[in-house]
Ligand code: MF3
Ligand code: CO
């Protein structure tokens, strides 16, 4: 069952998203060659707690980090640790925050320094895939319409869309219905109703769509070793159209 959100629910989710977005800004400011991913995790956790929130990921199904940082061929759920960032690394930084009982979730990918033209293009296509998904999030349409729009765009650009991880409803639970597959057939899946809140978070691989999970039981990497990127926003579908709850006029995401 999909929990449709009231205006009050929506403002609480937006407030948690605000903290996530600010923490993400702190993290992006701390990104530099020589910095460990653990340091970035600490920057995020410290900021989130200072704002009265808690990192949603911490302890979730035993997840050890406060945020997820997935570097280069890592697709999702990279655990922050002693890994040292290098010039040209492509990282996806995923931050989710809970405050006053409500979660907000977002993710941006960025490159340490300039990066290769290939990495920059992958990043832009992934960002655009997310935007296309957000724009397709309309009352009366179905989840499969969103997935199809994302998949068609990504594959048209010569990349593949990851199928093993999906977007999700969010609110009092970190992950709830509806599920958003970032691929699919038009006219299938749940018919979107006003007040639905879910994440749009496509993972796009430069090579094949296949992934495998490392020994740590969390980090998913591309099977072929190719680069992967991800962007994510938390979206509410209103009668007038989609509204991005994790986007703020004074923040760059
Ligand atoms: N934002 C990611 C998601 O929605 C973060 C997962 S947290 C983890 O799945 F604990 F599962 F890693
Ligand atoms: Co998410």
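The values are calculated or read from the model by the stated rules, or taken from the named source; none is laboratory data. It should be emphasised that the depicted structure is a prediction, and the values quoted were computed from it without experimental measurement. Using ideal geometry, Cβ is built from the backbone for each residue, glycine included, and neighbour counts are taken over all protein chains shown.
Brief remarks follow.
- Residues that are within 16 Å of ligand 1 (Cβ to nearest atom), within 24 Å of residue 144 (Cα to Cα) and not in a loop (DSSP other than H, G, I, E, B), drawn from segment 221-253: 228, 229, 230, 232, 233, 234, 235, 244
- For segment 169-179, a residue qualifies if it is assigned to a loop (DSSP other than H, G, I, E, B) and either within 15 Å of residue 138 (Cα to Cα) or free of Cβ contacts under 8 Å to residues at least 12 places away in the same chain (or both), and exactly one does: 175.
- Residues in segment 210-235 that are surrounded by fewer than 21 Cβ atoms within 10 Å (Cβ to Cβ) and more than 17 Å from residue 72 (Cβ to Cβ): 215, 217.
- Among the candidates 108, 43, 97, 93, the residue that is crowded, with 18+ Cβ neighbours inside 10 Å and assigned to a helix (DSSP H, G or I) is uniquely 43.
- Residue under evaluation residue 125, criteria (1) in contact (Cβ under 8 Å) with a residue 60 or more places away in the chain; (2) over 17 Å from residue 232 (Cα atoms); (3) away from ligand 1 (no atom under 16 Å from the Cβ), criterion not met: (2)
- Within segment 39-58, residues that are at positive phi reach partners that are part of a helix (DSSP H, G or I) and at pLDDT 95 or above with beta carbons closer than 9 Å, at six or more positions or on different chains, in the pairs 52/19.
- If only residues of segment 180-202 that are away from ligand 2 (no atom under 11 Å from the Cβ) and outside any loop (DSSP other than H, G, I, E, B) are counted, the one that is surrounded by the fewest Cβ atoms within 10 Å (Cβ to Cβ) is 191.
- From 131, 114, 124, 118, residue being in a loop (DSSP other than H, G, I, E, B) and out of contact with any strand residue (DSSP E or B) (no Cβ under 6 Å at 6 or more places or on another chain): 114
- Restricting attention to segment 47-78 and to residues that are within 14 Å of ligand 2 (Cβ to nearest atom) and in a helix (DSSP H, G or I), the residue that is nearest to the chain's Cα centre (by Cα) turns out to be 60.
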